[in-house]
1. Restricted to Cα positions, what overall size does chain A have along the principal axes? Three whole-Å values, descending.
2. Could you work out how far the C-alpha centroid of region B:170-216 sits from that of region B:431-472, in angstrom?
3. Please list, by residue number, every one of the GluC sites (Glu not before Pro) in region B:624-715 that is coil in DSSP and has at most 11 other beta-carbon atoms within 10 Å.
4. Which FRET efficiency value, to the nearest 0.05, do you get for B:Ala596 and A:Lys103 by plugging their Cβ-Cβ distance into 1/(1 + (r/R0)^6) with R0 = 35 Å?
5. Can you tell me the FRET efficiency between B:Asn638 and B:Leu903 if r is taken as the Cβ-Cβ distance and R0 is 25 Å, rounded to the nearest 0.05?
6. Based only on Cα atoms, what Rg/Rh ratio does region B:551-685 have, Rh being taken as Kirkwood's radius?
7. Going through region B:145-204, which GluC sites (Glu not before Pro) have at most 15 other Cβ atoms within 10 Å and a DSSP loop state?
8. Which value, in Å to one decimal place, does the Kirkwood hydrodynamic radius take for chain B when every pair of different Cα atoms is included?
Amino acid sequence: MKCEETLYSKEILGLIEKYKATGEPLLTLLHEIQDLHPDNHLPATALKLISKELKMPVSTLYSTVSFYSMFSLKPRGRHIVRVCSSPPCKLDGTDVVLEALEKRLGIGVGETTPDRNFTLEEQSCLGVCSLSPVVMIDEDVFGNVTPQRLPVILESYEED
Amino acid sequence: MYRIQALICAGSGCISSGSKKVEENLTKTLVEYNLQNEIQIIETGCRGACEQGPLLLVYPEGVIYRKLKPEDSRIIVEEHFLKGRLVEQLLFTEPGKDLIISKLEEIPFFKKQTRFVLRNCGTTDPLKIEEYIARDGYLALGKALLEMTPEGVIDEMKTSGIRGRGGAGFPTGVKWEYCRKTESNQKYIICNADEGDPGAFMDRSVLEGSSYSVVEGMTIAAYAIGASQGYVYVRAEYPLAVERLSLAIKRAREIGLLGKNILGSGFNFDIEIRIGAGAFVCGEETALLSSIEGKRGEPRPRPPYPAQKGLWGKPTVINNVETLANVPLIIHHGSSWFRSMGTEKSPGTKIFALAGKINNSGLVEVPMGMPLKEVIYEIGGGIPEGKTFKAALTGGPSGGVIPAQHINTPLDFESLADLGSIMGSGGLIVLDNTACMVDIAQFFLTFTADESCGKCPPCRAGTKELLKILNRITHGTGTMEDLDKIESLALLIKSSSLCGLGQTAPNPVLSTLRHFRHEYEAHILDKRCPAGVCSDLMVSPCENECPININVPGYLQLVLEDKVFDAYDLILESNPLPAVCGRVCHHPCEEVCRRAQLDQPVAIDNVKRYIVDYVFSHWEEYKKQSKVGNLPPIPKNNHRVAIIGAGPAGLTAAYFLAKLGYKTTIFEANPEPGGMLRYAIPEYRLPKALLNREIQNILDLGVELKLNTIVGEDITIEDLKHQGFEVIFISTGAQKGQLIKLTGDNLEGVLSGLDFLKRVNSGEKVLVGEKVVVVGGGNVAIDASRTALRLGSKEVTILYRREKEDMPAEPHEIEEAEHEGVKFIFLGSPSAIFGEDSKVNGIRYTRMTLGEYDDGGRRRPVSTNEELILDCDNVILAVGQITETAGLLSATGLELSKGGFVLTNKHTLETSIPMIYSGGDVVTGPATVSGAMGQGKRFARTIDSYFNGEDRLSLIKASYDYAKEIPPDQEEQEREKPETISLSRRTNNFREVVKTYSAEQARKECNRCLRCDVKEEVQNEM
C-alpha cells in the first residue's frame, strides 16, 4: 500500500513538473491527475501535493475543484456513465433510460457500483441531440438509447 | 484518380450510430473485390442529418445512403460500386411518404439550406488542411494580412453587420474595435466553445467538421485587434472536437499558418486549447475568463468589459465558434455579399439545431429571417406520429417559446425578442402537443438553479424560490396568486442578477406564462395537466386524457381478475353512458396509451364495450352485487336544476346531480332524448335499444324528463326561474348542418348530412337515388354515405378537398366505409351542383393539389383549375355543424362567440348571465361525445361546489380490490381485433356491424395494459 502511494505521488509530481515547464493550465492538470487515479477522482493526498508544489493554498484548490461537476473528491468507478438530461433527451425518454440504468447497475445518480466499475451521473447537454436520448460512457457516445439496448452497451465495459 | 469517392460521416452523431464499423467493413469489402485503387473512402465531418446516420455520400453521382448498418457495406460495394445500381432500401424517403430520393441536393432537408459556415462539414476530410485550402480556405487570411490593415478588417466586419452567434447578438466588428482601441502590450482572442445550451450542437459540429475555419477566423481576428495569443475554451464533453481542433492547430503551425511571421507578413499568432470541466456558467464570458485563469468559473461585474480588461487583466475579445467561422467568409467574399443574405438588422446565415419532436432533426443553416414554419415543415419535415406542433423553444434555458400561433415568425434577433424569446446560440427544440409547458419551464429553471454559481443572491436564492412555486403548480397545490408572484420575482431576478445566467434564467417561465397562461391555470384551477405529463395530477395518461376521467387501468385489471361487475361499477363512477362510449367514443385515451410505443395502444374502448354487454346480459346478478348501486345514498336536497337538451352533456350533468341529491329536470325539444346520439349516429354503430337502456338508468335515479318542450318557445327562462329552478344548464348542441354557397344547392335532391341522418334515424322513410355524392370528410359524411348504401344506393362517392389522412372522421369508420364499397375522391372541391327540371343530376368539382403549408402544418389545397363532373341523383353536404342561434340563445341574451357559440368560463362553465351555465357542442362547437359528457360532469361539480363548498364526487365512489403491480416485461403483441359482420349481412338493414369481444379476447387485451397507474402511485408515496 505504502509503495503504491509513493508510486502514485511520483506520477503526480511528474505531471506537476510538466505543468510548471509548459505553463499548462490548472484545469488540464487537474483532469490529468484525476484520470491517473484508478478510482477516477482527486484524493486529498493529490490536492496536498499540488498545493505544496504550486504554493497554492489547499482551500483555493478545493474551491476550484468543487466548482466543476467533472471533478470528484469522492472515489468513483472505472467507467463514468453520463446520462444526458437536457430537454431533447428528456422529451425522448431520458427518465426511462435512467430508471433502467439505476435498476441494472443497482445504484442511484452520483453513486458507484460496489465493484467500483461504474459511476452513474446526470449530465447536461452532450450535443448529440438528434439521437436523443443519449448516454456517454467515458468518451464514447451512444444515441437512441432504450432500456432494451442497455445490456449490450454496458457489456463491453463490464469486468470479466 | 479514383472512380468513386465515398464520403462516410465521422461526426459524433454518426460515430455513435456505428459509422466506424460501416467504414471498416466497406474498406474490407473493397479489398476483397480489389477495388481499393478505384474507390476512395473519406471520413468527413458532420453533415447535419444526424438522426439519419450513419450517412454515406457517394460521388460523382451525389447519392446519399442513410441509417447504414455494418452489414450494408457489402451490398453497397456489390451493387453500387461494382454494378452501378442504387441500393434503394438504403436511400432517403420523405417522412410519412414512400417517395424515394437518391440525390443529396434533392432531399428537402438539404435543398432548402444555405450552407456557408457548414460548407465543409460533411464534404471534406476535416483533418486535412489541404482540402480546406483547396476549397478557398486561407484566402481570407492572405487577403487580410497582405492587403488589408487591421482597421480595414474591422471596418469590413462592421459593414457586414454580423452579430455574435453566441446569444446576445452584439455586433462583432464593434467589439473588435473597442479592443483594438484599448492600449496594451498584450491582447487575447478567445473562442468560446463552451457550448452548454441544451439542444444546441452547432459549435461541436463546426469544430469537428471544419475546425480550420475557426482557426483561420481567430487568426484574422487576432490580426485585427492586435493579439498574439488565442485560446479556445472547449467543453470537456466534446472529446472529438478537442481532438480534431488540436490536430488542426498543429497542422496550421506546421505549414506556417500559425506561429511566427505568418505568410511572411511579420504577424505572429498562436492558439492553445483550454478544456472546461463541466460548468454551464463558464459559457458566460467573464466566468469563462476566470475558468481559463484556473479559478472557479464565477462571473464578474461588467464594466470593465473584457475588450478593455479581460484575461489576466488584458484586453480580450471573446467570440463564439460560429461567429469566428463566419469571419473568413466575410473577408473573402466581402461584406456586401454577407449582407445579401438575411435581414437588414440580422444579416447572414444562422445555424439552427433542430431537435425534439421533429421528423428531420439535425443542424440546418438558413438565411436569417426564414419563417419558423419553413424550418419546421419544409426542412424539418413536420411533426412525427401525426401529432401537432405546439411550440418551439429557442435560446435554451435563457430563451423562451414561440407558440403555434406565431409559426410565421421570421427567425432573426428582433422578431424573437419581440415574442419574449431570444436567438441564443440557435437551439430550436420542437415541442408537440404532448409537452407540458409548466413542466418545461420547471425543467429549465431546475437547470439554471442548479448551474447558478452562487455568487449573487438574486440568482442563487431567487431561482430556487421561483422553482418552489413551479413545483407547487405541477403538484396541484398552486394558487392563482402564485402566478403574480412568479411575475414579480422573475422581474427582480432579471434586473438584479450579476451575469447573463441570472438575468435570463426566468425567461422560460415568463415566456411560457405569457403564451400558455391557460395551461398554468388548468394546473391550478382544474388540478389537471392538459398534456398529461405532471404525474401527481393523474392516475395514468389514459385517465388524464379521458374527458370524464375514467380509471382505465383499474377496470382493465378488474376484467383480468374476472371481476367484470366491479369493472362496470368503476366505469359508472365517471361515466353514465358506457355502452354508448364503448361504441362511439373517439377514445382519446388510446391516443396517449404508452403501449403504442411498444406496438399498438390497448383497445380500451372495445374492452369497455365488452364489460357493459356482459353486465347487461347478467343484469339481475349484477344488481345484487353492485358496489356503486349499494353505496349509502346521498340525502336529497331542495335545489332545483333545469337542464336544456337531453344529449350527452345534459344527460351526464343530470346523472351526477341526481346522484348528489339535486332535483333535476331535463327539457328536450325532440320527441325522444339522446340528442346527436339518437339523431346523428346510425343504428348500425349504436343500437337505439342500448341508448334507451342507458338513458332509462339515468332517469331511474329520479331525473325528470320533459320531451317535446322547446325552451324559449314553449317555456321561457323566466318561467323556469318562477318555477323554482335555481340553476340552468344549456346543452342544446350544434345541430344545424352548415351550408356552403354553391350554385344549385337549392335543387331537389340536395340534402344536409345532418338532416338526412336525423330523418333516417327518426324512422322516416327517406328515398335516395342510385348515385349519391357526399361532400365532406368528417364522421357525418361517413355516416351519411354508409346510411345511403343501406337505403339502397348503388354508388356512393365521398368528395373531399384534402387527402385521406386529413379526414377528421374516425379511421376505422373510413376503413369500414371503403370495405362496404363507398368510393372516395380526394383533393376534389365542389364548385357547382346542376340538374334538370329542378332535380339534381350532377356535381362539378375542381381538382385540387397540395400547396403551401398552413399554420396548422397541413398543406393547403389549391385549385388546379381542372374541372370534372360527376353524375349523381343526390348531393349530401356534410361540411360542418353550427348552433341554432335564433330562439333560446338570442332570447336569453347570452354572450356568443363570432361563430355563434356560447361563451363561458372554461373552468366553471358560467355564462355571461348569473346562474346560467352552458356546456357541450353549443359551447365548444361540434366536437365529441365524451367531450360533451366531460362538460356535463364539470357543470355538476361546479354546482355541487357552489352549494357545498367543495364537490362531493368522492362520495359516489366505492372501493375495489385489484392488483397494483407493474406487469413483467412484455413481448410485442398486436391488439385484438373485434369481429365484424359480413358484407352480405349489412345490405338493406341497420344491423350493428362491429361485434363485442369474447371473454377471452377481452382478457387478452387487458393483459396488454402496462399499468401506468402503478408507477404513478409509487411516486406519490415517495
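1. 49, 32, 24
2. The two parts, judged by their Cα centres, are 29 Å apart.
3. Those satisfying the criteria are B:Glu713.
4. My answer for the efficiency is 0.95.
5. That gives a FRET efficiency of 0.25.
6. When Rh is taken as the Kirkwood radius, the ratio is 1.00.
7. Those satisfying the criteria are B:Glu183.
8. In chain B this quantity evaluates to 32.6 Å.
The values are calculated or read from the model by the stated rules, or taken from the named source; none is laboratory data. Since this is a predicted model, take the numbers as computed values, not measurements. Cβ coordinates were reconstructed from backbone atoms using ideal geometry, including for glycine residues, and neighbour counts include every protein chain displayed. The accessibility values were calculated without ligands, DNA or RNA, using every heavy atom of the protein model including side chains. Shrake-Rupley method; radii C 1.70, N 1.55, O 1.52, S 1.80 Å.
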